[in-house]
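> Next up is a structure, given as structure tokens.
The values are calculated or read from the model by the stated rules, or taken from the named source; none is laboratory data. Since the structure is predicted, the reported quantities are computational estimates derived from the model, not experimental observations. All Cβ positions, even for glycine, are placed from backbone atoms using ideal geometry, and neighbour counts span all protein chains on display. The area values use the complete protein model at the heavy-atom level, side chains included, leaving out ligands, DNA and RNA. Shrake-Rupley method; radii C 1.70, N 1.55, O 1.52, S 1.80 Å.
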Amino acid sequence: MKLTRRDFLKLCGASAAALGLSATDLGRLKEVLANPNGPTVIWLQGTGCTGCSESFLNFASYYNPMSAADVLINSINLVYHPTLMSLAGDSAVAAAEAAYNNGGYFLAVEGGVPTKFRGNTCLAWTYNDTEVTFQQAVLDLSAQAAGILCIGTCASWGGVAAAPPNPTAVKSVRAHTGKTTINIPGCPPHPNWMVWAVSQLLLGETISLDSYGRPTTLFNRTVHDQCWRRGAEEAETFGQDRLCLKELGCLGPDTIANCPLQMWNNYANWCVDANAFCIGCTHPQFPFRQLTGQGEREND
Ligand code: FSX
Ligand code: SF4
């Protein structure tokens, strides 16, 4: 089913409060989307699990009748996305190449960048019978991009893909390219965080970033700060409703994210409400780091 630019606006309107969009923002978004030559997005996938794209799909599929593929293809001129695009083979890569030649596109990267073995453990595509590694594609496409969005913890900081012993030497996009990136962490990121970032780029807004490259609008308080179980008696075992999970290993005190307020699966639930502690998936050192319980470490 086709989704129009108007549907995308409706989606943003319905989620305006959650996304932090004002009425003025929505008005300006309408103007931007009315322009058929609106911003182009190239979305690459490296070493990840595609959960980031999946998360985005969950968001849009809640609203009828729409899908994230429709939103991206019909609203923001998504010219390349390995999972969602209908083109394949050389014609798919040609679309990305055309956008590259025009410049000014936004590059969204999902997954980390493997750099060992000259990057040959992860290929972006084959074009004109030549294999192009993911590391080369990221390097080339980041050069002409108007902005780079790292979708998920892997692209932002390495994440699961770069966990020790990291045999393919996976790096974050920033470490690989040396460029400033807008990092939307999470394994996966919340769909609203991704939609918010895209809407800000469409609006031409400068996104204020912290020292880890995260938008300060989205990432400014720990999960623990916002958790309604804070101050509750400590749970001694799993399966106990309404008790604090800190003694069981909850990483909420170390992790900055708004999950307790934003919730997941269209406000159905979130980890702690499901009696599963926060695993710190938005943390720069996820999945391996020391739990201090004293707040997020600022040393990497
Ligand atoms: Fe990483 Fe994306 Fe975790 Fe997966 O591909 S952030 S492994 S949810 O989905 O990159
Ligand atoms: Fe903090 Fe976790 Fe306890 Fe919630 S459950 S109050 S996030 S330690």
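> Any idea what % of Cα-Cα pairs in the range 69-148 are farther than 14 Å?
Taking all Cα-Cα pairs of the range 69-148, the fraction more than 14 Å apart is 64 percent.
> Also, I was wondering about something else. Hey, what does the equivalent ellipsoid look like for the range 140-221, semi-axes from the Cα gyration tensor as sqrt of 5 times each eigenvalue, largest first, whole Å?
22, 16, 10
> Compute the signed sum of charges (Lys and Arg +1, Asp and Glu -1) over the other residues within less than 15 Å, Cβ to Cβ, of LEU123.
Neighbour charge sum, excluding LEU123 itself: -2.
> Another one. Rank by packing, highest mean first: peptides 236-247, 271-282, 205-216, with packing defined as the count of other Cβ atoms within 10 Å averaged across residues.
Sorting 236-247, 271-282, 205-216 by mean packing, highest first, produces 271-282, 205-216, 236-247.
> Something else about it: Could you state the accessible area per residue of the range 99-246 in Å², with a 1.4 Å probe and every protein chain left in place?
Ligands and nucleic acids excluded, the figure is 44 Å² per residue.
> Which net charge results when you count Lys and Arg as +1 and Asp and Glu as -1 among the other residues whose beta-carbon is under 13 Å from that of VAL109?
+1
> Could you give the length gained by full extension between ALA274 and ASN58, i.e. 0.36 nm per residue of separation minus their alpha carbon distance, to one decimal place?
Difference between extended and current length: 75.9 nm.
> Another question about this same structure. Distance between the C-alpha centers of the range 246-290 and the range 75-120? Whole Å please.
31
> Two decimals, Cα atoms only, Kirkwood Rh: what is Rg/Rh over the range 76-230?
Dividing the radius of gyration by the Kirkwood radius yields 0.99.
> In Å³ and rounded to a whole number, note down the convex hull volume per residue for the Cα atoms of the range 172-300.
In the range 172-300, the Cα hull volume divided by residue count equals 110 Å³.
> Sum up the charges of everything whose Cβ sits under 15 Å from the Cβ of GLU236, counting Lys and Arg as +1 and Asp and Glu as -1, but leave GLU236 out.
So the environment of GLU236 carries a net charge of -1.
> Now, a different point. Determine the share of the range 208-260's accessible area contributed by carbon and sulfur atoms, expressed in whole percent, with a 1.4 angstrom probe.
45
> Within the range 87-179, which trypsin sites (Lys or Arg not before Pro) sit in a loop by DSSP and count at most 14 neighbouring Cβ atoms inside 10 Å?
Filter output for the range 87-179: LYS116.
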